[in-house]
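What follows draws every value from the coordinates through simple rules; no lab data is involved. Please read these numbers as outputs of a predicted model, since none were measured by experiment. Positions of Cβ are generated from backbone atoms using ideal geometry, with glycine treated the same way; all protein chains shown enter the neighbour counts.
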């Protein structure tokens with residue numbers, strides 16, 4: 001009797017190594033951070049409010065200023081870990097990082113990618129500097145990346161299971177980070193318009209996904225309607241982030257200022273203080289509309305400037321390097337060395353016709369949806385973190401010579417095995 005373990009394939013070892021590397025890199029970044037595990041958006045107070053039974057509230061006041069899913073998931077972690085909440089959240093982020101790599105593997109395999117391409121997609125997600133860096137903040141990028149990757153994997157499942165699970169994950173991603181919602185809507189529309197499938201099947205696919213997406217988002221909208229007297233499907237933060245990137249001072253200092261400028265310091269504080277004074281006493285939805293309407297007026301008065309600002313924001317979103325005013329030259333060069341070949345592979349992947357069929361089309365649509373959002377709203381390079389797995393899948397499918405030769409060897413090997421089998425049967 002033999003007790004030998006079955007052999008582990010080289011692909012399996014590469015995937016396991018990528019998962020371990022992703023968690024190790026994120027752990028190192030968290031441990032070596034320049035300060036405490038940062039919570040710039042106050043998700044930890046929201047989680048503690050939930051844990052105390054007070055609902056989503058800041059300073060005792062119910063709020064829809066931040067999306068609900070992340071603090072909801074943090075609440076039991078805060079409750080169980082007590083004074084070690086920061087450590088527990090860091091571990092949660094490490095697990096999410098490894099799980100995101102794992103779901104990338106599932107999606108890549110169900111796309112029918114070769115072993116080399118699966119490994120390439122896996123390692124891109126594992127070591128991408130933008131996605132890895134965001135794991136050291138108590139923010140939504142890490143969770144949203146996992147949910148968006150899970151959606152891409154789920155959409156490859158047969159018929160209604162894929163439609164329901166895929167749309168559910170897209171809805172959860174939108175409740176984690178509302179900027180993902182336009183991409184989710186694009187995917188639902190693609191379910192109707194994109195082959196394969198007869199018209200009746202595509203209509204069923206689109207309808208099922210639309211209904212599932214609405215059902216996932218509805219509890220949050222109903223809660224907000226009960227509290228604020230009107231449904232809020234995303235957050236009341238959108239007007240602020242829209243105005244933050246579209247105001248006269250920002251245009252003067254950044255759009256028309258020195259190249260590579262970053263808006264921060266005294267002028268930004270003065271703008272922020274003036275907004276707080278103007279919206280004082282307004283309900284959250286009222287303040288949200290007030291700021292949004294102000295941007296609409298500015299865009300109508302200065303359409304060319306608004307367009308220039310949008311193009312500049314897209315440039316920042318897709319930049320090869322982080323901001324010169326914030327990061328060291330070494331960090332900027334290292335990021336550029338990583339990003340440039342990735343963008344080349346992404347472009348080649350987008351040129352593949354098979355990518356624009358169902359369900360692979362969901363990946364470029366999520367990328368397009370988030371890009372459109374940040375052409376208008378406040379943006380920087382870190383905000384593309386949630387779509388890194390989608391980028392990795394598209395880039396790994398590119399017609400690069402090394403990966404193409406690996407695919408050809410795989411097909412040749414499969415053909416040789418099939419020929420040998422037929423000869424043995426005859």
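Taking neighbour Cβ counts within 10 Å as the exposure measure, how do 206, 199 sort from fewest upward?
Sorted ascending by nearby Cβ count, the order is 199, 206.
Report the gain in length on full extension from residue 218 to residue 270: 0.36 nm times residue separation, minus Cα-Cα distance, nm rounded to one decimal.
15.0 nm
If you line up the long axis of helix 10-31 against the longest principal axis of the chain, both from Cα atoms, how many degrees apart are they, to the nearest 10?
Orientation of helix 10-31: about 20 degrees from the principal axis.
Working from Cα positions, state the angle (0 to 90°, nearest 10) between the long axis of helix 303-317 and the longest principal axis of the chain.
Between helix and principal axis, roughly 50 degrees.
How far is helix 69-81 tilted, in degrees, relative to the longest principal axis of the Cα atoms in the chain, given as a value from 0 to 90 rounded to the nearest 10?
Here the helix axis deviates by roughly 90 degrees.
With just the Cα atoms defining each centre, how far is segment 36-62 from segment 93-155? Give it in Å.
Segment 36-62 and segment 93-155 have Cα centres separated by 28 Å.
If one computes the Cα centroid of segment 219-260 and of segment 161-212, what distance in Å separates the two points?
26
Given a 10 angstrom Cα cut-off, can you work out which residue in 161, 66, 205 is the most mobile in a GNM of the chain?
Largest GNM mean-square fluctuation: 161.
Which of the three applies to segment 181-272, rounded, prolate or oblate, going by the alpha-carbon gyration tensor with a ≥ b ≥ c and a/c under 1.5 meaning rounded? Intermediate values should be presented prior to the final figure.
Details: a/c = 5.54, a/b = 1.82, b/c = 3.05.
Oblate.
Quick one: grab the alpha carbon gyration tensor of segment 24-86, order the square roots of its eigenvalues as a ≥ b ≥ c, and give me rounded if a/c is under 1.5, else prolate or oblate depending on whether a/b is larger than b/c. All intermediate terms of the calculation are to be shown ahead of the outcome.
Numbers: a/c = 2.40, a/b = 1.80, b/c = 1.33.
Prolate is the answer for segment 24-86, as a/c is 1.5 or above and a/b outweighs b/c.
For segment 298-385, calculate the relative contact order in percent as a whole number, restricting contacts to Cα pairs under 8 Å that are 6 or more residues apart. Could you put the intermediate results ahead of the total?
Working: 50 pairs, mean separation 42.3, N = 88.
Reported as a whole number, the value is 48 percent.
By how many nm would the segment from residue 356 to residue 334 grow when fully extended, if each residue of separation counts as 0.36 nm and the alpha-carbon distance is taken off?
4.7 nm
What residue among 166, 116, 97 has the largest mean-square fluctuation in a Gaussian network model of the chain, using Cα springs under 10 Å?
The residue that fluctuates most here is 116.
So what is Rg over Rh here for the chain, counting just Cα atoms and using Kirkwood for Rh? If you can, show how the numbers build up before the last one.
Working: Rg = 23.2 Å, Rh = 23.3 Å.
With Rg and the Kirkwood Rh in hand, the quotient comes to 1.00.
Taking only DSSP H segments of four or more residues, each worth -39500 (n - 2.57), what value at 222 nm results for the chain once the sum is divided by all its residues, to the nearest 500 deg cm²/dmol? All intermediate terms of the calculation are to be shown ahead of the outcome.
Numbers: 18 runs with 287 residues, N = 426.
About -22500 deg cm²/dmol.
For the chain, what relative contact order do you get, as a whole percent, if you take Cα pairs closer than 8 Å and at least 6 residues apart?
Answer for the chain is 19 percent.
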